[in-house]
Amino acid sequence: MTSQLKKILLIEPPFYRLFNEKFSLDRYPLSLGYLAGEIKKKSDWGVMVYNADFCKQSEMIKVSFLTGKGFDNYLECLKDISKKIWEEVRSVILDFSPDVVAISVKSQNFSSAAMVARIAKEINKEIKVIVGGPHPSMVGADVLKSPFFDISVKGEGEITIVELLKAIEQQSGLNSILGIVYREGDQIIENGSREFINKLDSLGFPHITAPEVLRDYQYYPITAFRNIFAARGCPFRCIFCGSHKIWSRKVRFRSVENVIAEIKSLQKIGLKSIHFDDDTFGIKKPHINSLCNAIISQCGGLKFSCEIHVRLVDDATISLMKKAGCYQIQLGIESGSDRVLNEINKNITIDQALKACRLIKKHGIELITFFMVGFPQETEESLRETILAMGRVNCDSLIYSIFTPYPGTEVFEICKREGLIRDDYDVSLYNHQSPANCFVKNIKPERFREMVKDVEKMIDRRNFFKRIRRRFSFDTLWKLQELGIMRTIQKGMGMLFGK
């Protein structure tokens, strides 16, 4: 008589859906896709991926809503386990009846992950709850202060999760498994670190197993599977980022041949464009050149988008990327103040950033820029410089964040030393759009909130109008202007944003 198949449920906890149940993460979480692929390839466990932040009929996320009524909704959901979203989580766990629940945890969704774990334990206290991802990797053993978590995985999890499942199945000890922290009775035990995966080509393509493992696969748009990693690791040292705790600062590249094989596979399922999800595309210009030339010769008709560092932007590189099908570039500028940029180790100046933006636009590539306000070093003057830079930058969309000190980053320790973070710091209150965020030494909270509220409205208005402009040709816009329709749109925008 064979034993019953053991099962693991991999969960992306809800985050945006806590603000508004129709906000949605319309993508296949790559981290869970990689884990699912390795589990299917190297074990006999049944596996399901459940993206609890996905909504079948989603609405566009608005920054000003996240910081207003949406934030109130978010806090209410974290306090009330009877909310509709938690009933959905409960129903999925009950239906699948897993032996193990594994949750991908970022700092901003830590409290949501704890709620998911609580629900799992209420359903069956024998369910093993494993957490992994950025937050556990950055805070180490502290993550198990939550009583609902049994095991924490630090760093890359593809090898670790398979070893864990075999140990759980065989009911053997966990002391030999590297890269984990676990609970044994009243003790919390932290094993040694696991080496990073050197042969990234050994990992499968996440989208291949998605039809078998992803819950509600049929409802996802095909674009949900367009994201790929070409490399892991980031050599840059921005003090607000914890990427190196997960991937290391040593960059490990997949072979160009392996990346091209994944791209071709994505093209076969109907994708015409992809997004490179790397922290920074290419990292080194020779690698960018090799990859782009391979795309040109082997992946005809492909379009791609990526995030790139300002220092990698030059005419030859952008020209080649454009030729290879690059239609959109994301650029992290962060601040309009050279002083702040220097103090956060961004290693660029605002003039360099604006020059990079102009060069990208010269080649006809869509540009998205990232700005962040509220660093500990921020002053009213530097914040005004950032607002000025937001107005000066020639981009198609502007992504705005309020600085958030994530545990495990260099700037988190700076904030603690400056008295900006108290011992009772609650990560659930702070994310890049949280109105509770104020970690500034030189601006009073009331004044800071007053200034950023105007910025949020300006950004929503700017991005909305940019979308309108992209949707219509110049001739169409001119005809609309003649008909007075544009004035109606502008008036409606003023009502929408309180102007």
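Each reported figure results from applying straightforward, stated rules to the coordinates on display, with no laboratory input. Since the structure is predicted, the reported quantities are computational estimates derived from the model, not experimental observations. When we count neighbours, we look across all protein chains shown, and the Cβ atoms used for this are built from the backbone with ideal geometry, even at glycine.
Observations on the structure shown:
- Looking at segment 102-203, the trypsin sites (Lys or Arg not before Pro) that sit in a DSSP loop and have at most 14 other Cβ atoms within 10 Å of their own Cβ are 125, 199.
- Placing dummy labels 7 Å off each Cα toward the beta-carbon, the span from residue 126 to residue 216 is 3.0 nm.
- Selection of trypsin sites (Lys or Arg not before Pro), segment 206-296, meeting DSSP coil and at most 14 other Cβ within 10 Å: 237, 249, 250, 272, 284
- The antiparallel fraction among DSSP beta bridges confined to segment 226-443 stands at about 10%.
- Normalised by 2.2 N^0.38 Å, with N the number of residues, the alpha-carbon radius of gyration of segment 71-189 equals 1.06.
- Theoretical ellipticity at 222 nm over the chain - DSSP helices of four or more residues, -39500 (n - 2.57) apiece, nearest 500: -13000 deg cm²/dmol
- FRET efficiency for the residue 81 to residue 418 pair, using the beta carbon distance and R₀ = 25 Å, is estimated at 0.10.
- Derived scalar couplings between HN and Hα for segment 128-139 equal 7, 10, 10, 10, x, x, x, 5, x, 5, 8, 9 Hz in order, rounded to whole Hz, by the Karplus curve 6.51 cos²θ - 1.76 cosθ + 1.60 (θ = phi - 60°), x for Gly and Pro.
- Applying both filters, DSSP loop and at most 14 other Cβ atoms within 10 Å, to the chymotrypsin sites (Phe, Trp or Tyr not before Pro) of segment 383-449 gives 425.
- With a simple spin-label model that places each label point 7 Å from the Cα along the Cα-to-Cβ direction, the separation between residue 96 and residue 269 comes to 1.7 nm.
- Residues of segment 320-346 with an amide N closer than 17 Å to a point placed 7 Å from the Cα of residue 297 along the Cα-to-Cβ direction: 320-321, 323-325.
- Over segment 226-443, the fraction of Cα-Cα pairs per 5 Å bin, rounded to whole percents and listed from the shortest bin up, is 1, 7, 14, 17, 17, 15, 12, 8, 5, 3, 1, 0.
- Å³ per residue enclosed by the Cα convex hull of segment 2-62: 86
- Between amide H atoms placed 1.01 Å from N, distances below 5 Å from residue 330 occur with 306, 307, 308, 368, all of them 5 or more places distant or on a separate chain.
- Nitroxide proxy distance, nm - points 7 Å out along Cα→Cβ at residue 187 and residue 347: 4.2
- Diffusion coefficient, µm² s⁻¹, Stokes-Einstein with Kirkwood Rh over alpha-carbon pairs of segment 363-451 at 20 °C and 1.002 mPa s: 151
- Placing +1 on the Cβ of every Lys and Arg and -1 on the Cβ of every Asp and Glu, with no other charges, gives the chain a dipole of roughly 1640 debye about its Cα centre.
- Part-to-part distance (alpha-carbon centres) for segment 408-440 and segment 320-398, which is given in Å: 24
- Per residue, the convex hull spanned by the Cα atoms of segment 207-248 measures out at 128 cubic angstrom.
- Take every DSSP beta bridge whose two residues both sit in the chain; close to 20 percent of them are antiparallel.
- The Cβ shell under 15 Å around residue 263 holds other residues with a net charge of +1, Lys and Arg each +1, Asp and Glu each -1.
- Projected onto planes of every orientation and averaged, the convex hull of the alpha-carbon atoms in segment 19-133 covers 7.6 nm².
- Taken over the Cα atoms of segment 300-360, the convex hull encloses 68 Å³ per residue.
- Sorted largest first, extent of the chain alpha carbons per principal axis (Å): 78, 56, 44
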